[in-house]
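One structure is given here, and the rest of the page talks about it.
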Amino acid sequence: MGELVDVLVVGAGPAGSSAARVLAGAGLRVLLVEQRTTVGLPVQCAEYVPAQIVEHVALPAGCIAQRIRALQTHLPDGEVVERPAPGYVLHRALFDKALAVAARRAGAEVWSGARAVERTAEGALVRRGSRTVAVACRLLVGADGPHSTVGRWVDQVNAAMLDALQVEVVLPQPQPCTHVYFDPLYRGGYGWLFPKGETANVGVGVNRQMGGEPRAALEHLLDRLQIGGGAVVGRTGGAVPSGGTVERLRIDNVLLAGDAAGQTHPITGAGILAAVVGGTLAAQAVIRALRSGDEGQLDSYAAEWEAYMGGPLRHALDRRRDLDRRWSDDPAALTAAVRRNWIAFREYGQRDRNAEGEGAV
């Protein structure tokens, strides 16, 4: 026996669950499939979100590990610059689960431990345990992460990635701010400490194509912070899209959202808020298309994403490329490059004459 739905959503992260909630809330038959057996685990995220996320999605108090007031940027030459950066460090697993619960309460069917394995003329084959189920759908939303299976089906894959490695450590004392560290060793990326009350996420993201080595970079950062192995209570890692949005967000009856669509900030690597927005916009376009019977309405997704995030993310991609070009083993030269291209500095929002981007995020 197969399944017949209006929309198949692949991936129960922030993009997929947001899309499923909106679609089901509109009365559509929605199947949300997630290959992990437990939604949200393992966590592959530094877990920080800006304060404006509450404008787009409810943030249950239990999902908040710590409220943040400021960001401290530690430059290669030793200077530390603090800027206001209100936001939250989340319990990401609880946040993802809350979004999936909201999708289910809206009427979506949720399958965990289920993996979309093949595209078919009618929809997709989904492997669930020892069974392979043929799912027929009118439309498909791919929100299955940076190495998206759905994206490969339609030849839309992320052009560039950073490799991230992170540990959760016990803090000797609470920290009120997030911290970002730039060093020649963290090639094409940066290190971070994001506090979560009694613990903190400490990690690095680096560009392997520029010679970055995540393990060596993380060991360097932990030594720098004088954090020994006895303080580590968790480890995780993953890939972060850094090459901007994929060329096409819609191919035929397939839409991509979140990391699968490259909707991640190329400079900071932030992607939770963008995933919620991307999934929501994709769902709204699907609703318009199905209610009107006009498949062309699906293109409104790309248009709305462009209007909302296109300019800022293109500018961030310009800054990413400039920072990579200017990367240096000399602390003074790298500091100058970071000041030019990192979001905490006024220079970030300035356009080069040849840049295509506009405005700061």
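Rounded to the nearest 500 deg cm²/dmol, what is the calculated helix-only ellipticity per residue at 222 nm for the chain, with -39500 (n - 2.57) per DSSP H run of length n ≥ 4?
Result for the chain: -8500 deg cm²/dmol, rounded to the nearest 500.
Assuming a ≥ b ≥ c are the square roots of the Cα gyration tensor eigenvalues, decide whether segment 243-361 counts as rounded (a/c under 1.5), prolate (otherwise, with a/b larger than b/c) or oblate.
prolate
If R₀ is 56 angstrom, what is the calculated FRET efficiency for the pair Val101 and Glu219, using the beta carbon separation as r and rounding to 0.05?
Plugging the Cβ-Cβ distance into 1/(1 + (r/R0)^6) gives 0.90.
Compute the helix-to-body angle for 331-341: its Cα long axis versus the longest principal axis of the chain, expressed 0 to 90° and rounded to tens.
40 degrees
Taking every DSSP beta bridge that has both residues in the chain, what percent is antiparallel when rounded to the nearest 5?
Here the share of antiparallel DSSP bridges comes out near 70 percent.
Please determine, in degrees from 0 to 90 and to the nearest 10, the orientation of helix 214-224 with respect to the longest principal axis defined by the Cα atoms of the chain, where the helix direction is its Cα long axis.
Roughly 40 degrees between the two axes.
Relative contact order for segment 1-73: what is it in percent, counting Cα pairs under 8 Å that are at least 6 residues apart?
27 percent
Tell me, what is the percent relative contact order of the chain, built from C-alpha pairs under 8 Å that lie six or more residues apart?
Computed value for the chain: 19 percent relative contact order.
Quick one, which of [x] 20.4, 65; [y] 20.7, 69; [z] 21.5, 63 is the actual Rg and Dmax of the Cα atoms in Å calculated for this model?
[x]
Please get the size of the charge dipole for segment 123-243, origin at its Cα centre, with Cβ charges of +1 on Lys and Arg and -1 on Asp and Glu, quoted in debye to the nearest 20.
The calculation lands at about 580 debye.
Counting GluC sites (Glu not before Pro) as exposed when in a DSSP loop with at most 14 other beta carbons within 10 Å, what is the longest stretch of the chain free of them?
Longest site-free region, per DSSP loop and neighbour criteria: 248-355.
We did not get these values from a lab; they are worked out from the coordinates using the rules stated. Since we're looking at a predicted model, the values are computed, not measured. Virtual Cβ from ideal backbone geometry, glycine too; neighbours counted across all protein chains shown.
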